[in-house]
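Okay, structure first, notes after.
No value in this document is a laboratory result; all are computed from the given coordinates. Not measured: the values here are computed from a predicted model. Glycine gets a Cβ as well: all are built from the backbone with ideal geometry, and neighbour counts include every protein chain shown.
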Amino acid sequence: MCNIHHKCNACSFSNGTYQEIWSKKLDNAINILSIDKNESITLHPHDQLHYRKKSLLHVDSSIIPPKIGLIQNNDVVNINNCPLHIQSINELIEITKYSLPHFDKFPLKYILFNDTAIVLVIKDHYNKLSKYIKLAKDIFTERDFSNLYLHLNPATGNKVFLKSYLYPIYGEKFIRNDLGYWYHPLAFQQQISSIHIESLQIAINYLKNNDNLLDLYCGIGIMSANAEQYFNTIIGVEQSPVSIECAKKNSFNTSFYTGNVETIINHIISENSIFFNIYSLYVNPPRSGMGEQVIEKILKKPPKQIAYLSCNPKSLNKDLMYLKNHYLINHIHFFDFLPYTNNIETLVLMGLK
């Protein structure tokens, strides 16, 4: 059980059974998308606790022991044995609480857990880096914190990180996850790898009728890595430079472009004209969706098939309003990538009319 849900409000764990929570968010997504009863739909519920391997938590070390958790009403709500965190995060939170000195000595504002990587966000200038390296090694042991990094930001607050610079205390710049893919401590990863891979395989099986694949918002390149054996040519596009560094280590036969999709897609199309004659599109955009401008540019060289994975039914619905003029929806899959939360993932498979 969770004894702080009424203060934390970060999930729906105490709001009902798994089936009740899943049904509620599924109904909400179906209503937003105005899905016809005749649509072909497949459901992928996933009842799992202790799955969340990435978590950004606030730290208040002005008191001892410090508070580590989420902000509610301008106060840090202590997280103790969260039922959604992987157990190693819960254990490291407790170790940190009883190892951390007062804020005046070590001004830790945030702690980011990302799989086996841990990032300490210090509110100070980088000219004091050597001081905090020594302090961090005195406070945190390599035995407990095998991949530990420092990030200094004198103005950390609403904007936690200054770009993506990290200084490794223990460990290397890039780390392998449980499936063997390379990631960076600040790079995005799905929380439950097995469900993510399941969704990718469904998308690949639908898209593989064409030789070429465009992977928009490709992240660390996991789609491209899984799709390589099915396509002759793959192009991946991602805005985050550090994610592209990971992608190049994960997928050797993909051509990657770094930049904002809306800004560089025309250049990519003109530079790869033969590729865009016949191709499939896989897209997994941020919560804001693809947007009208990106869709208009893509439709100048329309893909034969699209697999669109969305984490936000509202932005997905807006994008589908544009795409439905040119594409037929063949199948919709609903996945529970984040059990016991309000989030739902929707995979829409579309074919050109």
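Taking a Cβ cut-off of under 12 Å around I122, the surrounding Lys, Arg, Asp and Glu residues balance to a net charge of +4, with basic ones at +1 and acidic ones at -1. When +1 charges are put on Lys and Arg Cβ atoms and -1 charges on Asp and Glu Cβ atoms, the dipole computed for segment 1-112 relative to its Cα centre reaches about 260 debye. First select every other residue whose beta carbon is under 13 angstrom from the beta carbon of L135; then total the charges, Lys and Arg +1, Asp and Glu -1. Around L135, the surrounding residues sum to +2. Seen against the Cα atoms of the chain and their longest principal axis, helix 261-271 is set at about 50 degrees. Centroid-to-centroid, using Cα positions, segment 160-211 and segment 85-151 are 23 Å apart. Taking N284, N250, N158 in turn, the Gaussian network model of the chain (Cα-Cα springs below 10 Å) assigns the largest fluctuation to N158.
Taking Cβ atoms as reference points and 14 Å as the exclusive limit, the residues near F106 contribute a net charge of +4, counting Lys and Arg as +1 and Asp and Glu as -1. Placing +1 on the Cβ of every Lys and Arg and -1 on the Cβ of every Asp and Glu, with nothing else charged, gives the chain a dipole about its Cα centre of roughly 660 debye. When +1 charges are put on Lys and Arg Cβ atoms and -1 charges on Asp and Glu Cβ atoms, the dipole computed for segment 54-183 relative to its Cα centre reaches about 460 debye. A simple spin-label model places pseudo-atoms 7 Å from Cα toward Cβ; at E172 and K7 they are separated by 4.1 nm.
Based on the Cα coordinates of segment 110-229, what is the per residue volume of their convex hull in Å³? Please list the in-between numbers first.
Numbers: hull volume 14.7 nm³, N = 120.
Dividing the Cα hull volume of segment 110-229 by its residues yields 123 Å³.
If eta is 1.002 mPa s and T is 20 °C, what Stokes-Einstein diffusion coefficient results for segment 54-183, Kirkwood Rh from Cα pairs, in µm²/s? It diffuses with D of about 143 µm²/s by this estimate. Approximating the spin labels as points 7 Å out from Cα along Cα→Cβ, the H46-to-K105 distance works out to 4.2 nm.
Modelled this way, with points 7 Å down the Cα-to-C-beta line, the labels at K314 and I63 are 3.4 nm from one another. If you model the chain as an ellipsoid using its alpha carbon gyration tensor, with each semi-axis the square root of five times an eigenvalue, the axes come out at 38, 25, 17 Å, biggest first.
Largest GNM mean-square fluctuation across D144, D319, D215, computed for the chain with C-alpha springs under 10 Å, falls on D144. The calculated pair-distance distribution of segment 288-350 uses every alpha carbon pair, bins of 5 angstrom beginning at 0, and gives 4, 17, 28, 26, 14, 8, 3, 1, 0 percent. Shown here are the Rg and Dmax of the Cα trace of segment 248-353, at 14.6, 45 Å.
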